[in-house]
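Below is one structure, written out as structure tokens; comments come after it.
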Amino acid sequence: MLAKILSVAHFGLKTIPVEVEVNVATIGFPGFSIIGLPNKEIEEAKERVKTALANSGFAFPTAKIVVNLAPADIPKEGSHYDLPIALGILHSIGAVVLPKEPSFYYGELSLDGSLRHSKGVFLLGLAAKEEKIKNIFVPSLSANEAVVITLTALM
């Protein structure tokens, strides 16, 4: 099953939406690959996501998992793709249901399944405001950065 989850990529102060496409297929050899110009931090997400899901009580699927970070022609960096990748896998296997309305997902996973503080949440909040996306899911330790955008929008 295919899941599509929104996140972002940062280039200095510019932020662009990134669609994290996660396909969990029962056909093909089991494996886990990430494509779409990921850097080393994103390649390491495979181990963080596997371990975090296992330590959170989820059985990691024995399947062919392909994650595409689109648009594919833009280099991606950062550990904040952990959360959308993990949720894409869980949604694809029917373990979680994601909101139907467009939402941004952003955060680094700890090996125990908790979320770590993630840099760039302020820029994510600005992008959400610009893209008119009302829901963003971030680590609680980073939420205060996004709230600033909401507060300035209300003033």
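Exactly one residue among LYS100, LYS50 is more than 12 Å from the chain's Cα centre (by Cα), of a type in the set (Lys, Arg) and within 24 Å of GLU131 (Cβ to Cβ), and that residue is LYS100. Counting just the residues of the range 44-92 that are over 20 Å from PHE29 (Cβ atoms) and among the β-branched types (Val, Ile, Thr), which one comes out modelled with the highest pLDDT? Out of the qualifying residues, it is THR51. Looking at the range 137-155, which of the residues that are surrounded by 15 or more Cβ atoms within 10 Å (Cβ to Cβ) and modelled with pLDDT under 95 is farthest from LEU83 (Cα to Cα)? Applying the filter and picking the extreme gives ILE149. When the range 121-141 is filtered for residues that are under 13 Å from the mean Cα position of the chain (by Cα) and of a type in the set (Gly, Ala, Ser), nothing remains. Within the option set PRO61, PRO38, being surrounded by 18 or more Cβ atoms within 10 Å (Cβ to Cβ), in contact (Cβ under 8 Å) with a residue 24 or more places away in the chain, out of contact with any Ser or Thr (no Cβ under 9 Å at 6 or more places or on another chain) and closer than 16 Å to ALA86 by Cβ holds for one residue only, PRO38.
Take the conditions (1) under 18 Å from ILE42 (Cβ atoms); (2) surrounded by 14 or more Cβ atoms within 10 Å (Cβ to Cβ); (3) of a type outside the set (Lys, Arg); (4) more than 15 Å from the chain's Cα centre (by Cα); VAL66 misses just one of them, which is (4).
Listed by first and then second residue, the pairs linking a residue in the range 1-14 that is in contact (Cβ under 8 Å) with a residue 12 or more places away in the chain and surrounded by 18 or more Cβ atoms within 10 Å (Cβ to Cβ) to a residue that is part of a strand (DSSP E or B) and among the acidic types (Asp, Glu), with Cβ atoms under 7 Å apart and 6 or more places separating them unless they lie on different chains, are LEU6/GLU19.
The values are calculated or read from the model by the stated rules, or taken from the named source; none is laboratory data. Since we're looking at a predicted model, the values are computed, not measured. Note: ideal-geometry Cβ built from the backbone for every residue, glycine included; neighbour counts use all protein chains shown.
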